[in-house]
Amino acid sequence: MNAPVLALHNLAISFGGVAAVDEVSFALAAGDFVGLIGPNGAGKTTLIRLISGILTPDSGRVELLGEDVTRRSTAMRVRRGIALTHQIVRPFRTMSVLDNVVLAAGHKRTVDPLRALIQTGRATEREHAVSILRQVGLAGAESKLAGSLPLGQLKRLEIARALALDPRIVLLDEPLAGLNNSEAAEQIDMITQVNADGVTILLVEHNLEEVIRACRRLIVLANGRVIGDGSPRDVMRQDGVRAAYLGESVETHAEN
Ligand SMILES: Nc1ncnc2c1ncn2[C@@H]1O[C@H](COP(=O)(O)OP(=O)(O)O)[C@@H](O)[C@H]1O
Ligand SMILES: [Mg+2]
């Protein structure tokens with residue numbers, strides 16, 4: 001019997017007496033592609049921070065591949081297979097696209113990422129980085145400065161850096177923010193392919209149309225609590241979800 005890649009048990013944290021995450025429990029199996037949605041202030045980013053170890057919960061448990069990591073550092077969780085975009089993998093703008101990925105790969109093996117860049121500058125490391133860049137649609141951009149990339153490509157680089165950690169699960173906090181419709185659709189297609197290649201995905205995203213198109217399962221948070229968990233179609237039909245969050249206009253997408 002395989003343990004879930006990620007399991008949360010009654011996770012809770014309050015800020016100044018306000019429950020930001022309130023008794024949240026769910027599990028993700030290997031290969032899942034789950035959308036985490038909910039209105040602004042629902043607790044999505046806080047939950048991602050609890051999972052990645054940036055925050056420690058007041059109570060409850062985070063398990064990674066069956067191991068309790070609730071009190072473990074972010075670095076240790078990364079070594080055990082969690083990667084997240086935004087917080088950890090902000091690209092270095094004055095470094096080449098390729099070096100950014102090589103550096104991220106080194107992050108997993110050593111506490112000194114700059115030393116890692118030197119030590120892991122071997123051909124195999126670079127070949128691996130090149131293949132990851134191909135996977136996210138950045139082939140040909142290897143020698144460009146990260147800072148010169150347009151936003152859509154910079155976001156692909158963030159995902160490439162997450163993949164360089166050789167993760168079991170990737171946590172994505174609003175990877176489509178700032179992208180136009182066609183860029184957002186391309187980005188989701190790329191993430192879908194990464195998932196098909198075997199990486200479990202937990203996706204926080206405001207772009208409901210894309211989340212519903214891509215994810216097989218949605219978890220809905222409101223006021224720190226899970227108020228819906230199931231297929232997009234079923235979740236969107238729940239009265240509580242509509243009342244907390246959704247306009248009726250979303251229904252047409254959910255019917256697809
Ligand atoms: N570091 C913090 N200190 C105080 N309150 C916070 C902090 N982080 C989040 N919150 C509060 O927790 C709640 C959930 O926020 P957040 O997780 O950012 O929601 P979401 O990502 O769903 O928009 C909000 O009420 C927010 O104001
Ligand atoms: Mg947020």
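No lab work stands behind these numbers, since they all come straight from the coordinates. Since the structure is predicted, the reported quantities are computational estimates derived from the model, not experimental observations. A quick note on method: Cβ atoms are made from the backbone with ideal geometry, for glycine too, and the neighbour counts reach across all protein chains shown.
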- Item | Farthest toward positive dipole pole in the chain [+1 Lys/Arg, -1 Asp/Glu at C-beta], among Leu11, Phe33, Val130 | Val130
- Message: How long are the semi-axes of the equivalent ellipsoid of the chain, taking √(5λ) for every eigenvalue λ of the Cα gyration tensor, in whole Å from largest down?
- Response: 31, 22, 15
- Per-q log10 I(q)/I(0), region 149-248, q = 0.20, 0.21, 0.22 Å⁻¹ (Debye; single scatterer per alpha-carbon; no solvent): -1.05, -1.12, -1.19
- So what are the ³J(HN,Hα) numbers for region 206-216, from phi and the Karplus equation (6.51, -1.76, 1.60; θ = phi - 60°), rounded to whole Hz, Gly and Pro as x? 7, 6, 4, 4, 5, 4, 5, 5, 8, 8, 7
- Neighbour net charge for Ile37 - beta-carbon separation under 10 angstrom, K R +1, D E -1: 0
- Query: Alpha carbon centre of region 145-173 versus region 1-56: separation in Å?
  - Reply: 22 Å
